[in-house]
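The values are calculated or read from the model by the stated rules, or taken from the named source; none is laboratory data. Owing to the predicted nature of the structure, the values given are computational and were not obtained by experimental measurement. Using ideal geometry, Cβ is built from the backbone for each residue, glycine included, and neighbour counts are taken over all protein chains shown. To get the accessible areas, we keep the full protein, side chains included, count just its heavy atoms, and leave off ligands, DNA and RNA. Shrake-Rupley method; radii C 1.70, N 1.55, O 1.52, S 1.80 Å.
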Amino acid sequence: MLPPRALSDEKKDAQADTRSIGDSSDDSGDDNKLLEIGYVPSFKREFSNIATISFAFSIMGLCSSVATTFNSPLLLGGPASVTWCWILGATMCFTLGASIAEIVSAFPTCGGLYTASAQLVPKRQRPIVGWVVGWLNILGQILGLSSTEFGLANMIWAAVVVGKGDDFEITAGKKVGLFVGMLIVHGILNCLATRQLARLTTGFVFVNLGATFIIIIVLLATTPRSEMHSAAYVFGTQGVVNQTGGWNDGIAFLFGLLSVQWTMTDYDATAHISEEVKRAAYAAPSAIFIAVIGTGLIGWLLNIVMVLCSGPLENLPGPSGSAFLEIMTLRMGKPGALFVWAFVCLTAFFVCQTALQAASRTVYAFSRDKGLPDKGYFGYISTWTQTPLRAIWFVTLIGILPGLLELVSDIALNAIFAMTAMALDLSYIIPIFCRRWYRNHPEVQFVPGPFYMGDGFLGWAANVNCILWTLFVCVIFALPTVLPVTAETMNYAAPITGGVILLSLVWYAIGGHRHYKGPASNRPDLVTKCAPAEDALDVPRDEEKAQVQTQVV
């Protein structure tokens, strides 16, 4: 780790004024770091190391996320697409996760990469960069919540079909009804205080990993050796089965990336709870790093075993519509498959819980900075629970809207999965690019945190690789997966994502620039690098210190 750069005299004075604040607390180091960045602590730090790691694993979901998206690689590119696209995407996602972790370590705030982005560009560009990153991040997180929640609803209905038989009809209305009900349940659970959320989260990782390993072990134990597929089918050319209707084998194969990219995203969700984490500069990036490695390797093993034990490809996805569940039913029988499937659904339930928590913190931070047309209404912390209740219910209600696309078109709904990966990953690579592009600019001073890859070959290679990879997969996700292209098979991911970005830029040009000046400090005693000097509060020094101390206490 490189030594931090020397702080300016003005910044040292500001730190000296605030260092005594909160020294009586066990979390004084975290709070002082937050004050140094420019924010008064607003949350209680109740997330321990294990709870933080569990949160990071839970946001990815692993077995439930693989189950939700397993149809895409298997039915578009074939079994080999399932296995090779996963490890390829996981390796590339590892460089993105590491690049995000070092920024989160330097800026452990609930705004995540949205807040960090403004610290990594010159003053004049902070508003527009913060605006674009903020809207992309919010779009991706809300879509991620909606897609996961709808995936959970489909998983539950798939289990009903397996249990009741093929004659049971699942209508779009039933899917949407269950989706809305489950989303409201998660909204209610997120109203708990931080202490209860931390306790609830701690056990998530054990259910997640436990269910994954149980599936792997039971499938291998119940599949006769004679019925297992050959290595050529799992890894070789026999496993390349193009079912796209017109794309060449290479493009069909690459469509398998959707599963791993959708699973291994929302890396910065841990950053959005960093103001609720103890030793956040260490714990948050470490949790991201561990979760990315663990999800990538264990997920690859899970995919290999699923393909190995999958049976005839022509029988999938089966009556339930879930190839993952049909493979489990084939090998374990209905009772065994449904029993294990319940834990897979529980894992998806946990993913939705953590996704809503992270998204609400992003909305809170963006509203606090006047990035929403709400005059800061959603940037409010409840005095009862010390959590952003208004932002929680805003995300909950807005999250219902994407799910309503099921009433119009299955294809349009499927685009939500692609949009999630596109919007989130694009919001990640902007601050990563800015950190490198403006590294020598006099107005930009990146002070590394404990997790830092350095300015040598390793750091540059990880940053450049993840940027190029993200741009590449966005092109893949923008393509229609089935040819010929009609109104029914059109991929709406790119038009919708591009439309949201365009509308946000138009809004910024028309009126947003008047009230939004970029991520801004809520410390009245410090003109941070996040806000232009002319926006600083003109408050006498004694009053400034009194206000900060009152808010911290």
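Quick notes on this structure:
- Count - residues of segment 152-192 that are surrounded by 15 or more Cβ atoms within 10 Å (Cβ to Cβ) and not in a helix (DSSP H, G or I): 4
- Filter result (out of contact with any Leu (no Cβ under 7 Å at 6 or more places or on another chain), assigned to a helix (DSSP H, G or I), at pLDDT 85 or above and of a type outside the set (Gly, Ala, Ser)) within segment 475-496: Val475, Pro495
- Selected residue (only one of Phe417, Phe457 is touching a helix residue (DSSP H, G or I) at 6+ places or on another chain (Cβ under 8 Å) and open to solvent by 20 Å² or more (accessible area, probe 1.4 Å)): Phe417
- If you go through segment 365-383 and pick out every residue that is in contact (Cβ under 8 Å) with a residue 12 or more places away in the chain and either of a type in the set (A, V, I, L, M, F, W, C) or in contact with a Cys (Cβ under 8 Å, 6 or more places away or on another chain) (or both), you end up with 4.
- Hey, Ala291 within 17 Å of Thr265 (Cβ to Cβ) and open to solvent by less than 10 Å² (accessible area, probe 1.4 Å) or not: yes
- Check on Lys123, open to solvent by 10 Å² or more (accessible area, probe 1.4 Å), in contact (Cβ under 8 Å) with a residue 60 or more places away in the chain and under 28 Å from Ile392 (Cβ atoms): no
- Scanning segment 494-511 for residues that are more than 25 Å from the chain's Cα centre (by Cα) and of a type in the set (Gly, Ala, Ser), we see that the one that is least open to solvent (accessible area, probe 1.4 Å) is Gly511.
- In the set Thr383, Thr362, only one residue is surrounded by 23 or more Cβ atoms within 10 Å (Cβ to Cβ) and out of contact with any strand residue (DSSP E or B) (no Cβ under 9 Å at 6 or more places or on another chain); that residue is Thr362.
- Screening Glu149 on (1) in a helix (DSSP H, G or I); (2) more than 20 Å from Cys352 (Cβ to Cβ); (3) acidic (Asp, Glu) shows it passes everything except condition (2).
- Long-range neighbours under 6 Å by Cβ, at least six apart or interchain, first residue over 21 Å from Gly498 (Cβ atoms) and part of a helix (DSSP H, G or I) within segment 392-417, second open to solvent by 30 Å² or more (accessible area, probe 1.4 Å) and at pLDDT 85 or above: Phe394/Phe378; Ile400/Val180; Glu406/Ala172; Glu406/Lys175; Leu407/Ala172
- Test for Ala118: is it modelled with pLDDT of 85 or more, in contact with a Lys or Arg (Cβ under 7 Å, 6 or more places away or on another chain) and crowded, with 24+ Cβ neighbours inside 10 Å: no
Residue by residue, here is whether (1) in a loop (DSSP other than H, G, I, E, B); (2) in contact with a helix residue (DSSP H, G or I) (Cβ under 9 Å, 6 or more places away or on another chain) holds:
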site: Phe350; (1), (2): no, yes
site: Thr354; (1), (2): no, yes
site: Ser360; (1), (2): no, yes
site: Ser367; (1), (2): no, yes
site: Pro373; (1), (2): yes, yes
site: Tyr380; (1), (2): yes, yes
site: Trp384; (1), (2): yes, no
site: Arg390; (1), (2): no, yes
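- Among (1) touching a Gly at 6+ places or on another chain (Cβ under 6 Å); (2) of a type outside the set (Lys, Arg); (3) surrounded by fewer than 24 Cβ atoms within 10 Å (Cβ to Cβ) - the single one Leu301 does not satisfy: (1)
- Criterion (over 30 Å from Cys110 (Cα atoms) and open to solvent by 50 Å² or more (accessible area, probe 1.4 Å)) met by exactly one of Leu330, Leu325: Leu330
- Counting only helices (runs of 4 or more DSSP H) that fall entirely inside segment 196-258 and contain at least 2 residues that are open to solvent by 50 Å² or more (accessible area, probe 1.4 Å) and among the small types (Gly, Ala, Ser), no element qualifies.
- Any hit, segment 78-93, residues being part of a helix (DSSP H, G or I), crowded, with 24+ Cβ neighbours inside 10 Å and touching a Lys or Arg at 6+ places or on another chain (Cβ under 9 Å): no
- Within the span defined as segment 452-471, one or more residues are free of Cβ contacts under 8 Å to residues at least 12 places away in the same chain and part of a loop (DSSP other than H, G, I, E, B).
- Scanning segment 260-284 for residues that are open to solvent by 10 Å² or more (accessible area, probe 1.4 Å), closer than 21 Å to Asn137 by Cα and at pLDDT 85 or above yields a total of 1.
- Residue within segment 324-334 that is small (Gly, Ala, Ser) and within 30 Å of the chain's Cα centre (by Cα) present: no
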